[in-house]
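Trainee: Right, I'll just put the structure down here and ask away after.
The values are calculated or read from the model by the stated rules, or taken from the named source; none is laboratory data. Because the structure is a prediction, the values reported are computed rather than measured. Here the Cβ is made from the backbone with ideal geometry for all residues, glycine too, and neighbour counts use every protein chain on show. For accessibility, only protein heavy atoms count, side chains too; no ligands or nucleic acids. Shrake-Rupley method; radii C 1.70, N 1.55, O 1.52, S 1.80 Å.
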Amino acid sequence: MENEPTIEDSPLSQPVTSGGRTVNVEIYRLKGDEKWSLEVVDENGNSTVWDELFESDSKALVKAKETILAEGIDSLIGPASGKGEWK
């Protein structure tokens, strides 16, 4: 059995609230990798993952917050069922 990769979570991962709604900003990478992945998970368990990898965990956090400011937090919140089409 092969060893599964180890995920390293950033200490900058955090909940972000705007307009009374909260999403979890999750920043992580495979242990040993230099670049960070960015994922935002809403209260319904829907996930938005950026294709782009980030040079630092702080740059990933800035991107998440910029997206929330520019597009609104609702742009990262999917349906209550966790299934179906996003608005």
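Trainee: Tell me the per residue accessible area of the chain using a 1.4 Å probe; a whole number in Å² is fine.
Mentor: Result: 69 Å² per residue.
Trainee: If I model a spin label as a point 7 Å beyond the Cα along the Cα-Cβ vector, how far apart are those points for E43 and Q14 in nm?
Mentor: 2.0
Trainee: Let me ask you something else. Heavy atoms only, probe 1.4 Å: what % of the accessible area of the chain goes to carbon and sulfur, would you let me know?
Mentor: The nonpolar share, carbon plus sulfur, comes to 48 percent.
Trainee: In the chain, what is the volume of the convex hull around the alpha carbon atoms, normalised per residue and reported in Å³?
Mentor: Residue-normalised Cα hull volume stands at 118 Å³.
Trainee: Turning to a different aspect of this structure: How many Lys pairs in the chain lie less than 22 angstrom apart by Cα atoms, where the lysines are 8 or more positions apart or on different chains?
Mentor: Total qualifying Lys-Lys pairs in the chain comes to 7.
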